[in-house]
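Here's the structure we're looking at; comments come further down.
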Amino acid sequence: MSKPIVAIVGRPNVGKSTLFNRLIKERLAIVEDRPGVTRDRLYAECEWLNHSFLLVDTGGIRVATQDPLESQTTKQAEMAVREADLIILIVDGRQGLSPQDHDVANLLRQAQKPVILAVNKAEGNPDFIYDFYALGLGDPLPVSAEHGLNTGDLLDMIVSHLPEETEAQLDESIIKVSVVGRPNVGKSSLVNALIGEERVIVSDLPGTTRDAIDIDIQYGEQELLLIDTAGMRRRGKIDDPIERYSVMRALRAIDRCDVALLIIDAVEGITEQDQRIAGYILEGGKACIIIYNKWDLVPKDNDTMRQFGEEVQDKLSFLPFAPVLFISAKTGQRVAKVFDAIMTVAEAYNQRVPTARLNEVVTEATVMHEPPAGTGGQRFKIFYVSQPQVKPPLFVFHCNRPDIHFSYRRYLENRLREAFGFSGTPIKLIFRGRKDK
């Protein structure tokens, strides 16, 4: 990446995510008053005094822990330290200096990166900060992530340490891909398989992924932004407030993506919750690829794929345009095909049809099958068609009257798909009468 990277690290529950949200001026990271809430690395762009950098929130570091999940969380934080240009070590001023702070400080010294020592929760008497000189990381800066105390000074220190930024990068050509589905269907496993490293934590325990995790990757000449999301349960089954926030972030991830990968557990098949998630994708006007994961666990015969295809037609009939893939993120079976499908679907999502060719296809369609007569026997006429937007493609039919029968609307959509493809993307048709604006 061309932007400098700043990682926020520290032992659990010292206020890392609160500071992260304060600096980026958005409640992006989940904040809860108990350790272990943040597990994966979470990235966001931060700006200060005409300088921009990527800020990374990490899970709490526990050196020499025996807990497998805590060990993976610590590993993610260590990876963030390795890729960072600057590190902010957060310590808890209320609790004072702890042996865990010394463990983290020793880890950072081995990394040989510049470190800013920030003593959080310093709203009261700041005299306690002198204890933290014992960490050997320079002058501690008292801050309050919750109240904003000295966060401007902290940002000044950050930009003074940063290397020069190279040419800016993010633009509309980047394809944003959300990986969504129910808990424990293999979303994070697929993300790791796609990028070729353990970028997000994978566990058999549902709910391991809490935040929506953004990952920049390159596929040939194309830049993609992969968004791994938390598993979405039915609302009635969500008791944990943290999980409720996670589902909201997963829905937001769908809102900001171009292509949604709907992951289905091939062993369990399509459930009602899968249908709800698919409906949200459609309502949002997003391109979609249906992916059956855990294909290696499915007993197969010569008729298996056809049977699964019939399940899609039956239970996801409102997504007839979405391609269906059968993969195993665990073994790597057909994972490479996911990239090809993303590229095809993203191209269709951005496809703009030449106006002359568009009207030619619609004219041929009306000649082959005339529109039905309306009330009073008035014949429905289409004067011309335009396409004012993409993402998804939108077609406006300028007619003598807008009340077209739904069956003819569906007929016209099918003719457009036959002529221009639009694999994986919804298309919108609007009919405007002479008096409509």
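Data overview
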item: Exclusive hit being open to solvent by less than 70 Å² (accessible area, probe 1.4 Å), touching a residue at least 40 places away in the same chain (Cβ under 8 Å) and either within 30 Å of residue 324 (Cβ to Cβ) or of a type outside the set (Ser, Thr, Tyr) (or both), set 346, 373; result: 346
item: Close pairs (9 angstrom Cβ cut-off, 6 or more residues apart or separate chains): assigned to a loop (DSSP other than H, G, I, E, B) in segment 302-326, of a type in the set (Asp, Glu) anywhere; result: 316/274
item: Single condition residue 283 does not satisfy, out of (1) without any contact (Cβ under 8 Å) to a residue 40 or more places away in the chain; (2) in contact with a Phe, Trp or Tyr (Cβ under 9 Å, 6 or more places away or on another chain); result: (2)
item: Given (1) outside any helix (DSSP H, G or I); (2) modelled with pLDDT of 90 or more, number of the condition residue 166 does not satisfy; result: (2)
item: Complete set of residues in segment 65-74 that are free of Cβ contacts under 8 Å to residues at least 24 places away in the same chain and open to solvent by 70 Å² or more (accessible area, probe 1.4 Å); result: 66
item: Enumeration of residues in segment 336-354 that are more than 16 Å from residue 257 (Cα to Cα) and not in a helix (DSSP H, G or I); result: 351, 352, 353, 354
item: Within segment 260-301, tally of residues that are part of a helix (DSSP H, G or I) and open to solvent by 10 Å² or more (accessible area, probe 1.4 Å); result: 10
item: Positions within segment 173-191 being surrounded by fewer than 24 Cβ atoms within 10 Å (Cβ to Cβ), under 14 Å from the mean Cα position of the chain (by Cα) and over 17 Å from residue 337 (Cβ atoms), in sequence order; result: 174, 176
item: Given (1) modelled with pLDDT of 75 or more; (2) open to solvent by less than 60 Å² (accessible area, probe 1.4 Å); (3) over 16 Å from the mean Cα position of the chain (by Cα), number of the condition residue 206 does not satisfy; result: (1)
item: Members of segment 79-98 found to be loosely packed, with under 15 Cβ neighbours inside 10 Å and assigned to a helix (DSSP H, G or I), listed by number; result: 82, 83
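The values are calculated or read from the model by the stated rules, or taken from the named source; none is laboratory data. Keep in mind that this is a model prediction, so the values were computed, not measured. No Cβ is skipped: glycine too gets one built from the backbone with ideal geometry, and neighbour counts run over all protein chains shown. Accessible surface areas use protein heavy atoms only, side chains included; no ligands, DNA or RNA. Shrake-Rupley method; radii C 1.70, N 1.55, O 1.52, S 1.80 Å.
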